[in-house]
Amino acid sequence: MTEKETRTGALRTAGRLFWHYAELVIAVNLGMLLLGMAGNALLPASTRADVRLLIMVAEMAVVPALWMAVRRHRKQAIGEMVAIIFAPFLVLLVLFWLGLLGVAQVSMIGHWAMYILMAAAVFRRRDEYAALPRFTVRGKWFKGAASVLIVLLIPGAVSAASTIGRFGDIYEARADAVSVAPAAKSHDPAKPTVAFLTGGNGTNAADLLGPYEVLARTGRFNLYVVSAGPRLIHMTGGLDLVPDMTFDELDRLMSGQGDTLDAVIFPAMQTPEPAELASINAWARRQSAAGALTVSVCNGARALARTGLLDGRPATSHWLRMRGLRADFPAVKWRSGMRYVDDGDVITAAGVLSGIDAALRIVERLADAPAARQAADAVHWRHYSPGAPASIPVRSLELADLVAPLNSSYQTGPSDIGVLLTDGVGELELASVFNSYTEQSVVGRTIAVADGPVRSEHGLTFVPRATLAAAATGLDRLLVPGLDAARRQVPGVGDLRPEYLHTTGEFAFDAVLRDIARTYDVATARFAAKTLEYPVVDVKLTGPRWPWLPTLVFVLLLLLGVAAAWTITVAIRFLSRRRAHA
């Protein structure tokens, strides 16, 4: 064999190995994109991040395994490739469970390790892969489909990495173990008592803090944040809350005072562990049987529906959750188009800020209507509807809502946002920041910073994730919620200057939505308002009309995908001609 023939044979083998590796990479991403869309549609929003990650890995493994079977690979090779796809994620998840890595880091490192191991497996079995006949694509439609897949591969991979990296851990528990005592509270048996439930895997900040401040502003209630066990509760976007007491401690307090619980509020909670879930359900059913008013806010309706207390009754929830709720709880008479549904001893509120109206309804029923009006005025809620729920639009996904995937995937604006906690900050002021930039507009991730635990305006205890000095170098912005903090002017660190959001007496979310419009774009601010179920007709939003830069990034990645598809097509044709002339 001549040297030229040897080089030609080596080149042909390398080309075949590259082609087979490319087939597997395309199959992996095809599974992630197509099966992932189906999985995201079917999985409840409360699914744990590590479970979601494992499901994604399974989706990535299915299509390559099927493709290798079609290509007549041996079972050993198929099993090896499936194991290789799973292996790095399983190893890294151990570090996640030990609290050493976040789910975003597991996803990013796992993907890189998987692709490297896949290449190593192809090389290790190079004789088997090189001996396979070249797959010939028949039919223009199939070639077109393959080209489209390659074009979408780059923007799709960037989208998945960016979205998981920034928002996969929106309810992630802190890595360190912190023990902080809550503020002491006195109990007045003459006042109605309201308990706010929390879940150990995460609780929505706005669903809890909004109604809490409304009720606290009246001065007419005993308010307690409770949990199944003593723990720190992580809330939306890296805000950690110290519960006032456990279920058992509240039961002992009420018994000792000769008192009974008047209302239990379910905010949206990430699905608790089985033992905790059973404890929450049993405790809530027991309180309801004893005469307590049971209330849910937004997707807290899912947690309430699990107790069975909604069966056969009318109820509402967030418009984006309705399809899943109707499928999972067909015994409930789900309704849309109203702020809340009052069905006697059960009240269910629609999305997020509809919890404000549900809380005002609690004040009307357990105190009086003048107290509800005063509470609405105190928090600057302009949409109070005395005695009956206000109607709201029946929402659905629209073309303008494309801002959400554009932001989560390709946002180039400030995405790492420090939120400086200060003593005396209002609960709604906190919720407006931690919810709006993350879950509602998906423009960035937030982290609570302070030099130690802080007490909110009405006595809740929050624990920061880091000191400002330690976190400053990794932050793009430093936001300071709270009118009181704006008046006191707290210092920044280095070049990171504090930005005060609440500078006038207004509803806390108004200032945040204006900032989102100004810093990012108006379309994103309107999407955030839509998911908050908050009418912004009287809030002036100024800024770019659309997320043009993220849109440009998507177009450039799409063009890069086109270039990649063209390059692969040219390479295949070149290798085919070389083979034909060999």
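How much solvent-accessible surface does W97 expose, in Å² to the nearest 10, with a 1.4 Å probe and all protein chains in place?
Its heavy atoms expose roughly 140 Å² to the probe.
Can you tell me the dipole magnitude for region 293-432 around its Cα centre, using point charges on the Cβ only (Lys, Arg +1; Asp, Glu -1), in Debye to the nearest 20?
600 debye
Mind checking the per residue accessible area of the chain for me, 1.4 Å probe, whole number of Å²?
It amounts to 44 Å² per residue over the chain.
Projecting each Cα onto the charge dipole of the chain (Lys/Arg +1, Asp/Glu -1 at the beta carbon, about the Cα centre), which of V537, S409, F329 comes out farthest on the positive side?
The one lying farthest along the dipole's positive direction is S409.
Taking 1 over the mean of 1/r across every pair of different Cα atoms in region 448-493, what Kirkwood radius in Å do you get?
In region 448-493 this quantity evaluates to 11.7 Å.
Using the crude model of +1 on Lys and Arg Cβ and -1 on Asp and Glu Cβ, and no other charge, please compute the dipole size for region 478-582 relative to its Cα centre, in debye to 20.
Approximately 920 debye in magnitude.
On alpha carbon coordinates alone, what is the Rg over Rh value for region 454-582, Rh being the Kirkwood radius?
Computed over Cα atoms, the ratio is 1.26.
Between region 514-533 and region 400-424, what is the C-alpha centre distance in whole Å?
Measuring centre to centre over Cα atoms gives 10 Å.
How large is ³J(HN,Hα), in whole Hz, for each residue of region 376-384 in order, when computed from phi with the Karplus curve 6.51 cos²θ - 1.76 cosθ + 1.60 and θ = phi - 60°, using x for Gly and Pro?
Once θ is set to phi - 60°, the couplings for region 376-384 become 4, 5, 5, 9, 6, 8, 8, 10, 5 Hz.
Please list the non-local residues whose amide H lies under 5 Å from the amide H of S227, H modeled 1.01 Å from N, same-chain partners needing a gap of 5 or more.
M245, T246, F247
Just round it to a whole percent: the fraction of Cα-Cα distances in region 160-302 exceeding 27 Å.
20 percent
So how far, in whole Å, is the C-alpha centre of region 473-505 from the one of region 209-240?
Distance between centres, Cα-based: 24 Å.
Which translational diffusion coefficient, to the nearest whole µm²/s, is obtained for the chain from the Stokes-Einstein equation, given a Kirkwood hydrodynamic radius over C-alpha pairs, 4 °C and 1.567 mPa s?
50 µm²/s
Would you work out which of V522, A466, A450 lies farthest towards the positive end of the dipole of region 443-564? Charges go on Cβ: Lys and Arg +1, Asp and Glu -1.
V522
Take the alpha-carbon centre of region 293-332, take the same for region 174-204, and report the distance between them in whole Å.
Region 293-332 and region 174-204 have Cα centres spaced 24 Å from each other.
Across all directions of projection, what mean area in square nanometres is found for the Cα convex hull of region 240-332?
6.7 nm²
Using alpha carbons only, how many degrees (0 to 90, rounded to 10) separate the axis of helix 75-97 from the longest principal axis of the chain?
Rounded to the nearest ten degrees, it is 30.
Percent of accessible area on region 312-407 owned by carbon and sulfur, 1.4 Å probe?
Carbon plus sulfur share of accessible area: 54 percent.
For G300, what is the net charge nearby, where nearby means another residue's Cβ is under 13 Å from its Cβ and Lys, Arg count +1, Asp, Glu -1?
Taking every Cβ under 13 Å from that of G300, the sum is +2.
If amide hydrogens are placed 1.01 Å from N in the peptide plane, which non-local residues have theirs closer than 5 Å to the one on A315?
Answer set, sorted by chain and number: K333, W334, R335.
Taking the full set of protein chains and a 1.4 angstrom probe, give the accessible area of R285 in square angstrom, rounded to the nearest 10.
Surface open to solvent at R285 totals about 100 Å².
Can you compute the charge dipole magnitude of the chain about its Cα centre, using +1 on each Lys and Arg Cβ and -1 on each Asp and Glu Cβ, nothing else charged? Give it in debye, rounded to the nearest 20.
Result for the chain is approximately 3320 debye, rounded to the nearest 20.
Looking at region 343-479, I'd like the Rg to Rh ratio, where Rg is from alpha-carbon atoms and Rh is Kirkwood's inverse mean 1/r.
Checking Rg against Rh, the ratio lands at 1.04.
Excluding residues fewer than 8 places away in the same chain, name every one of the aspartates and glutamates whose C-alpha is closer than 14 Å to that of K75.
E128
Below 12 angstrom from the Cβ of A390, what's the summed charge of the other residues (Lys, Arg +1; Asp, Glu -1)?
+1
Tell me the mean residue ellipticity at 222 nm calculated for the chain from its helices only (DSSP H runs of n ≥ 4, each -39500 (n - 2.57), averaged over every residue, nearest 500).
-16500 deg cm²/dmol
In square angstrom, rounded to the nearest 10, how much accessible surface does L253 have for a 1.4 Å probe?
50 Å²
The values are calculated or read from the model by the stated rules, or taken from the named source; none is laboratory data. Model, not experiment: these values are computed from the prediction. Cβ coordinates were reconstructed from backbone atoms using ideal geometry, including for glycine residues, and neighbour counts include every protein chain displayed. All accessible areas refer to the heavy atoms of the entire protein, side chains included, with ligands and DNA or RNA removed. Shrake-Rupley method; radii C 1.70, N 1.55, O 1.52, S 1.80 Å.
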